[in-house]
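Engineer: Here it is, the structure, as structure tokens.
The values are calculated or read from the model by the stated rules, or taken from the named source; none is laboratory data. The structure presented is a predicted model; accordingly, all values stated were derived computationally and were not measured. Cβ: placed from backbone, ideal geometry, glycine included. Neighbour counts: every protein chain shown. Please note that ligands, DNA and RNA were not included when accessible areas were found on the heavy atoms of the full protein model with its side chains. Shrake-Rupley method; radii C 1.70, N 1.55, O 1.52, S 1.80 Å.
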Amino acid sequence: PFLRPAALGLSIWLVLARLVIAFAVFIWREHPSDEREELYALRAARISFFVGGGVLLLAIIVQSISHSIDPWLLIALGSMVTAKLALSSWLQEK
């Protein structure tokens, strides 16, 4: 049967939501077996944070040149940095 555009859009959102949930479960259940694997996981997390922040920052710069910054880019970058700072200080207090 032929899918209407609204139904297709909803189907795409459902598939994306399932992929995000599956990815979150995969990350949440990841447990390193020794210190070396834990170090690799920490390095991967740090590199992925900087890559994600860099991509968001590049997108903000490109959009600022065209004088139309999407507020979601600022919200995403701000929430990443805020979460990093809050969790870092919280974990240092423990």
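Engineer: Pull out all pairs, ordered by first then second residue, where Cβ-Cβ is under 7 Å, the residues are six or more apart or on different chains, the first lies in the stretch 38-60 and is more than 17 Å from residue 85 (Cβ to Cβ), and the second is open to solvent by 90 Å² or more (accessible area, probe 1.4 Å) and modelled with pLDDT under 90.
Structural biologist: These pairs meet every condition: 41/30.
Engineer: Test of understanding: among 55, 25, which residue is exposed (fewer than 11 other Cβ atoms within 10 Å of the Cβ) and outside any loop (DSSP other than H, G, I, E, B)?
Structural biologist: 25
Yes or no, residue by residue, for (1) surrounded by 10 or more Cβ atoms within 10 Å (Cβ to Cβ); (2) in a helix (DSSP H, G or I); (3) in contact with a Leu (Cβ under 6 Å, 6 or more places away or on another chain); (4) at pLDDT below 90:
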site: 8; (1), (2), (3), (4): yes, yes, no, yes
site: 11; (1), (2), (3), (4): yes, yes, no, yes
site: 16; (1), (2), (3), (4): yes, yes, no, no
site: 33; (1), (2), (3), (4): no, no, no, yes
site: 51; (1), (2), (3), (4): yes, yes, no, no
site: 64; (1), (2), (3), (4): yes, yes, no, no
site: 74; (1), (2), (3), (4): yes, yes, no, no
site: 78; (1), (2), (3), (4): yes, yes, no, no
